[in-house]
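**Student:** Before we start, here is the structure in question, set down as structure tokens.
A short reminder: the numbers here are calculations on the coordinates, not readings from a lab. Values in this document were obtained by computation on a predicted structure and should not be read as measured data. Please note: Cβ atoms are built from the backbone with ideal geometry, for glycine as well, and neighbour counts cover all protein chains shown.
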Amino acid sequence: MKKRQLEITLERLEGFSHPTPQREQYATPASVAAEMLYMAYMQGDLGTVCDLGCGTGVLAIGAALLGARAVGVEIDGEALAVARSNAQKLGVEVDFIRASVQSLSLRGIDTVIMNPPFGAQKASAGDRVFLGKATELASAVYSLHNRGSEGFIRRFVEPCLVQEICRIPFRMKRCFEFHSQDVKTIEVELYRITRQ
């Protein structure tokens, strides 16, 4: 499947019906998901993949469409139900697990893909919990973060290494009452992190 075809397919997925700002439940745009997944695909990193904080499943489902064995982890039961429905709609198999990232214990994960909470809405520990768990679980991590996070990310993941940073536009649709625009585009950084 080509990147554009993957993006078009992922655009058909249902998003959050009741997102919560405390969990920073912003849907990962299909264009961003396709960019991340194709980067992982080109690096040969789509073996057994875990999407931490999978929300409605776009990254896990996209990885499965590209041939990965995919696992999606999410604490929100309502979002997980949507993710299961989305996977069924596209006819892909994803193992979805309801769990908190902190308590998660998995083996055999090659790669973590994630769009963690950035901590912008004071989410509990923001992206630190996700980054810590991701580098514990897998030898390769693909993660989205606020623009300007490079210094923090490099220090936090040591002794793992940031191998690549790609800056990409992230279109956020209005989903919370405090949003003042129907659509706002921000620039995010996609990190590829590996163990030494």
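**Student:** Report the local net charge at Arg69: Lys and Arg +1, Asp and Glu -1, summed over other residues whose C-beta lies under 14 Å from its C-beta.
**Tutor:** Computed value for this residue: -4.
**Student:** May I pose another question? Using a 10 Å cut-off on Cβ atoms, rank the peptides 40-48, 137-145 from the highest mean neighbour count down.
**Tutor:** Descending mean neighbour count gives 137-145, 40-48.
**Student:** Related question: Quick one: Ser105, Ser85, fewest Cβ neighbours within 10 Å first, how do they rank?
**Tutor:** Starting with the residue having the fewest Cβ neighbours, the order is Ser105, Ser85.
**Student:** Taking the number of other C-beta atoms within 10 Å as the exposure measure, put Cys54, Cys160, Cys166 in order starting with the fewest.
**Tutor:** The most exposed by this proxy come first: Cys166, Cys160, Cys54.
**Student:** In what sequence do Arg195, Arg167, Arg154 fall when counting other Cβ within 10 Å, fewest first?
**Tutor:** Fewest-to-most ranking of Arg195, Arg167, Arg154: Arg167, Arg195, Arg154.
**Student:** Sticking with this structure for a sec: Grab the other residues whose beta carbon is less than 15 angstrom from that of Val49, score K and R as +1, D and E as -1, and report the net.
**Tutor:** My count for the surroundings of Val49 gives -2.
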